[in-house]
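Participant: Shown below is the structure under consideration.
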């Protein structure tokens, strides 16, 4: 199975995890997904009153420089770890 296929499967699996991950893990899932699908963070950082948007952007921006392939593999590994 190709990495892209594994990534797509992990995306589907992420919607059916046995229990909801904690907020820090959710941010990591989001950041790895964005980095794996879109690359480095783009756009303006959300304003100080948008706590969720700002946290998501910061988590994604922290992965700047990570290749799409590495982010995709980390995403697959993280989701597979949460399924167990």
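Participant: Restricting to the stretch 39-57, name every residue that is more than 16 Å from residue 71 (Cβ to Cβ) and surrounded by 12 or more Cβ atoms within 10 Å (Cβ to Cβ). Lay out the reasoning, then the answer.
Facilitator: Of the residues in the stretch 39-57, the ones more than 16 Å from residue 71 (Cβ to Cβ) are 43-55.
Selection gives 45, 46, 50, 53, 54, 55.
Participant: Then there is this: Looking only at the stretch 10-38, count every residue that is surrounded by 13 or more Cβ atoms within 10 Å (Cβ to Cβ) and within 26 Å of residue 65 (Cβ to Cβ) and tell me the total.
Facilitator: Qualifying residue count, the stretch 10-38: 17.
Participant: Could you pull out every one of the helices (runs of 4 or more DSSP H) wholly within the chain that has 2 or more residues that are touching a residue at least 60 places away in the same chain (Cβ under 8 Å) and either on the phi > 0 side of the Ramachandran plot or touching a strand residue (DSSP E or B) at 6+ places or on another chain (Cβ under 7 Å) (or both)?
Facilitator: The helices (runs of 4 or more DSSP H) meeting that bar number zero.
Values quoted throughout were computed directly from the atomic coordinates according to the rules given, and no laboratory measurement underlies them. Everything numeric in this text was worked out from a predicted model, so none of it was measured. Every residue, glycine among them, receives a Cβ derived from its backbone with ideal geometry; neighbour counts consider all protein chains shown.
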